[in-house]
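Just below is one structure, and these are the notes that go with it.
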Amino acid sequence: MSLFFQGETMEVMIGGAKLELVEGDITRQDVDAIVNAANSSLLGGGGVDGAIHRAGGPRILEECRQLGGCPAGEARLTTGGNLKARYVIHTVGPIYQGGGQREAQLLTSCYRESLKLATAKGLNSVAFPAISTGAYGYPLAEAARIALKTVMDYLVQHPQIKLVRFVLFGAAAYEAYEQALRELLRVFPGAREQ
Ligand code: ADP
């Protein structure tokens, strides 16, 4: 994958807020905060977590060490180190174990708690990866529906957030999100494609 590659995009307005889907690399996003799909130690890992620490430099890990971990479904804030984003919101997704272990509630909580931290800090723009859909094994289509529905519900209630961008790594993730968003648009009042 080229570091400069950014493929498909889709934009939807939810009231005064923009919801975007892009195919690309979250570490390169120029937003107030990017969200990290961390593990509960907050001490770094593979996937998007490794990419964020590599791009953001050691300062983020130093701040994470002070936080003492984070349970699944919760979120913690650090600065963005060398990233364009001023902050990183670290959230811990559920490990998918078939769906009977409160995975859907925990994944919903990741998105909501991350946005609550952004609201509390007065931030206007946030980028999310597809939490739990890599090493943690959450089925992409269902994870996409939960992610989008939770964010859309939040945006309706919190007009301070002006932009939420889902940064999908690869065509399969992008396409799952696009399909889930098209389905939600049919039933979500007031949302319209740009
Ligand atoms: P988890 O443990 O929560 O499943 P992973 O990092 O393994 O976390 O995967 C979460 C998602 O992040 C996957 O869809 C993966 O393809 C994606 N991903 C990996 N690297 C990046 C990146 N640089 N930018 C955006 N998404 C990424």
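The values are calculated or read from the model by the stated rules, or taken from the named source; none is laboratory data. Because the structure is a prediction, the values reported are computed rather than measured. Cβ: placed from backbone, ideal geometry, glycine included. Neighbour counts: every protein chain shown. Accessible surface areas use protein heavy atoms only, side chains included; no ligands, DNA or RNA. Shrake-Rupley method; radii C 1.70, N 1.55, O 1.52, S 1.80 Å.
When the Cα positions of ALA176, PRO189, LEU155 are compared along the charge dipole of the chain, LEU155 comes out farthest toward the positive end, with charges on each C-beta of Lys, Arg, Asp and Glu. When you count the other C-beta atoms within 10 angstrom of each residue and take the mean per peptide, 32-39, 15-22, 60-67 line up highest first as 32-39, 15-22, 60-67.
Decide, for the stretch 104-194, between rounded, prolate and oblate: order the square roots of the alpha carbon gyration tensor eigenvalues as a ≥ b ≥ c, take rounded if a/c falls under 1.5, and otherwise choose prolate if a/b is larger than b/c, else oblate.
Details: a/c = 1.68, a/b = 1.22, b/c = 1.38.
In terms of gyration-tensor shape, oblate.
Restricting attention to the stretch 26-160, close to 40% of DSSP beta bridges with both partner residues there are antiparallel. Whole-percent P(r), the chain, all Cα pairs, 5 Å bins from 0: 1, 8, 18, 22, 23, 16, 8, 2, 0.
Ligands, DNA and RNA left out, the accessible area of the chain computed with a 1.4 Å probe is 50% carbon and sulfur. Once Lys and Arg get +1 and Asp and Glu get -1 on their Cβ, which of GLY134, LEU106, VAL31 lies farthest toward the positive end of the dipole of the stretch 26-160? The listed residue farthest towards the positive side: VAL31.
Heavy-atom accessible area, probed at 1.4 angstrom with all protein chains present, ranks MET152, MET13 as MET13, MET152, highest first. The simple spin-label model puts a point 7 Å past each Cα toward its Cβ; for THR9 and GLN97 those points are separated by 4.1 nm. Placing +1 on each Lys and Arg Cβ and -1 on each Asp and Glu Cβ, with no other charges, gives the chain a dipole about its Cα centre of roughly 460 debye.
Distance between the pseudo-spin-label points of LEU67 and ASP153 (7 Å out from Cα toward the beta carbon): 2.3 nm. Any idea how far the Cα center of the stretch 115-138 sits from the one of the stretch 39-108, in Å? Centre-to-centre distance over Cα atoms comes out at 9 Å.
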